Every structure is written in C-alpha cells, then in structure tokens.
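Throughout, read-outs are computed from the coordinates displayed, never taken from laboratory work. Values in this document were obtained by computation on a predicted structure and should not be read as measured data. All Cβ positions, glycine included, derive from the backbone under ideal geometry; neighbour counts span all protein chains shown.
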Amino acid sequence: MALDPSGSVGPAWSGRADLRGALHRLRRATGLPLAFAGLVEPGPGQLRISELQGNRTTSLQGLAVHSGNGLGGKAVALARPCRVTDYSASRRISHEYDAAVAAEGIRSVLAVPVVVRRQVRGVLYGALRAAQPLGDRTVSAALDAARDMEQTLVVRDEVRTLLAATAPTPEGGSAGAWEEVREAHGALRALAPRVDDPELRTELLRVCGRLAGVTGGGSAPPEDVPRVVLTARETDVLACVATGASNQVVAERLGLRPETVKAYLRSAMRKLGAHGRWEAVVAARRAGVLP
C-alpha cells in the first residue's frame with residue numbers, strides 16, 4: 001500500500017482485495033458457483049471486470065462494460081439490481097457481450113450495483129450455468145454483499161480525505177491548522193480498526209505516528225519528559241478525547257462500551273501521571289503520543 005505525496009491512497013490500491021472479499025461473501029451466502037465483479041473507472045461510466053471466482057475461462061477477465069449495455073451496464077445506468085434467467089435470449093438487455101458470456105457458459109445472471117453517495121462505484125455479479133430463476137433470497141444475499149462493499153468504499157473515502165488533511169503537516173502553522181490535524185489524527189485512529197486491508201491499516205497507523213511525533217511548534221518533545229508507552233486502544237481513546245469527545249461519543253466511534261473507554265482512559269492517565277482527561281491529553285502531546 002502506498003501513499004502519494006498528497007497523502008491520498010496511491011495507485012498501488014486497485015480495490016481487487018476488497019472485490020475478492022465481496023465475491024467470497026456473495027458466493028458463500030448465495031451458493032452461486034460463479035461470481036465476478038468490477039469497479040467503475042473514471043470517465044464515461046465504464047465498468048471493467050477485474051475479479052472472477054468459479055470461472056472456467058478468461059473470457060470475462062478485463063471486459064469493459066459501458067453504462068446501459070448488457071446486464072451490468074443496465075445495473076450501472078439504473079443504480080439498482082438487475083437479473084435475467086437466460087442471458088442470451090433475454091429481451092430486457094442489449095447483447096454486446098454475448099460472446100464472452102457464452103464462452104463462460106453463463107445462463108442466469110444477477111448484477112448488483114455498489115452505490116456510494118448515490119454514485120455507482122462497481123457491480124457484483126452472480127451467475128449460474130443453467131437457465132434457472134434467481135429468487136429474491138439470492139438477490140437479498142447479494143445486496144448484503146454489495147452493502148458491505150459500499151461500507152468498505154466509504155471508509156476508504158474517509159481515509160483519503162483525512163490523509164489529505166494531514167499532508168503536509170503544518171509545522172509552525174497556525175493554531176487552527178493544528179486543530180484540523182489533531183481532528184484528523186483522532187478520526188484516523190478511530191478509522192484504522194475498521195479497515196480490513198492490513199497494509200492500509202498499517203499505513204494509517206504509520207501516518208498517525210508521524211503526526212504524533214511532531215508537536216505544534218515543530219520541535220521534538222522535551223528531553224526531560226519521560227518516555228511513555230501507551231497501548232493502541234489507550235492511544236485511540238486519548239486521540240478521541242483530544243477532539244473534545246465525551247466518553248459516550250468515544251465509545252461510539254471506537255465500537256467500545258463506555259465503561260471500557262473509562263478503563264482505558266484511567267490506565268492512560270496513570271501512565272502519564274495525569275489527574276484529569278485534559279491533563280492527560282496535554283501530557284500525551286508533550287510525550288509525543290499525540291500531535
């Protein structure tokens with residue numbers, strides 16, 4: 001996983017790992033023997049098939065599907081699930097991709113769009129090699145897989161926005177600029193546990209560490225400040241507290257119980273020699289734990 005200089009997720013992320021996970025969930029939930037998927041590329045609504053599971057040929061690999069064309073293109077254009085019982089004979093779709101579909105032996109197909117903020121970002125397909133109707137239970141299970149993929153993309157969008165807010169770090173900048181960085185730092189700490197991709201999660205935590213290692217004045221922590229080692233969760237809690245969040249809000253952000261948040265906060269305060277939550281935040285900043 002790479003970040004470009006602006007802090008955005010760079011070209012090393014293609015979304016293929018996320019698509020593989022979504023297809024695995026779709027096949028497990030529906031029992032369909034064949035599933036494939038692609039993301040919508042920038043530009044005029046073109047979808048490119050990049051992931052396949054259960055395929056026998058490579059006829060669909062890399063296939064470019066245009067909005068409105070075929071079953072997947074129809075799902076992109078309408079932003080809703082579409083299905084056919086016999087692809088080659090269906091009069092409900094256009095037939096630009098019949099050769100590729102026939103080569104794989106596909107008959108019944110379901111296409112479910114992945115929609116984020118009213119924009120179609122990809123399509124998940126499930127298919128049979130027999131002309132059998134795909135029922136509502138199958139459609140519902142496929143929709144659940146698509147919703148999971150949508151949440152993954154929402155998290156990645158949030159990550160891009162937050163990383164962009166932290167780069168370049170405003171060393172020596174205004175107090176307002178540093179508050180924005182601190183807000184972003186807290187949000188990144190809260191987001192990291194929700195990121196399934198281990199490489200991206202590691203990169204987020206690395207960025208958080210970089211931010212924490214630079215103080216508002218651009219100098220290193222004073223030499224007379226003892227080194228403090230907090231656990232990941234203690235740091236997460238303190239990062240959220242530093243944004244002004246209450247224990248209840250911190251619990252909601254991190255997926256913890258309020259009592260658990262209090263326990264982490266007490267432990268962090270003890271390690272930092274602090275007697276209150278804001279004193280702990282100040283001490284953590286002096287120790288280079290928080291930005």
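When the inverse distances between all different Cα atoms of the range 34-86 are averaged and flipped, the Kirkwood radius reads 11.6 angstrom. For Arg48, the residues 5 or more places off, or on other chains, whose built amide H falls under 5 Å of its own are Leu39, Glu41, Val65. Loop-located trypsin sites (Lys or Arg not before Pro) in the range 43-76 (DSSP state not H, G, I, E or B) with no more than 14 neighbouring Cβ atoms inside 10 Å: Arg56. Residues Tyr97, Tyr125 in ascending order of nearby Cβ atoms (within 10 Å, fewest first): Tyr97, Tyr125. What is the local net charge at Gly45, summed over the other residues whose Cβ is closer than 13 Å to its Cβ (Lys, Arg +1; Asp, Glu -1)? Taking every Cβ under 13 Å from that of Gly45, the sum is +2. Distant-in-sequence amide contacts of Arg121, defined by a placed amide H-H separation under 5 Å and a gap of 5 or more residues or a different chain, comprise Val114, Val115, Val116.
Using the Cβ of Val109 as centre and a radius below 13 Å, the other residues enclosed give a net charge of +2, where K and R count +1 and D and E count -1.
Compute the separation of the alpha-carbon centres of the range 242-270 and the range 102-164 and state it in Å as a whole number. Comparing the Cα centres of the range 242-270 and the range 102-164, I get a distance of 35 Å. So, R0 is 35 Å and r is the distance between the beta-carbons of Ser90 and Arg160; what FRET efficiency does that work out to, to 0.05? Result of the calculation: an efficiency of 0.35. Over the C-alpha atoms of the range 16-153, the Rg to Rh ratio, Rh being the Kirkwood estimate, stands at 0.91.
Cβ-to-Cβ counts within 10 Å put His66, His95 in ascending order as His95, His66, the fewest first. Among Ile106, Ile49, the ranking by other beta carbons within 10 Å of each residue's beta carbon, starting with the fewest, stands as Ile49, Ile106.
For an R0 of 30 angstrom, estimate the FRET efficiency from the Cβ-Cβ distance between Arg80 and Gln248 and round to the nearest 0.05. My answer for the efficiency is 0.20.
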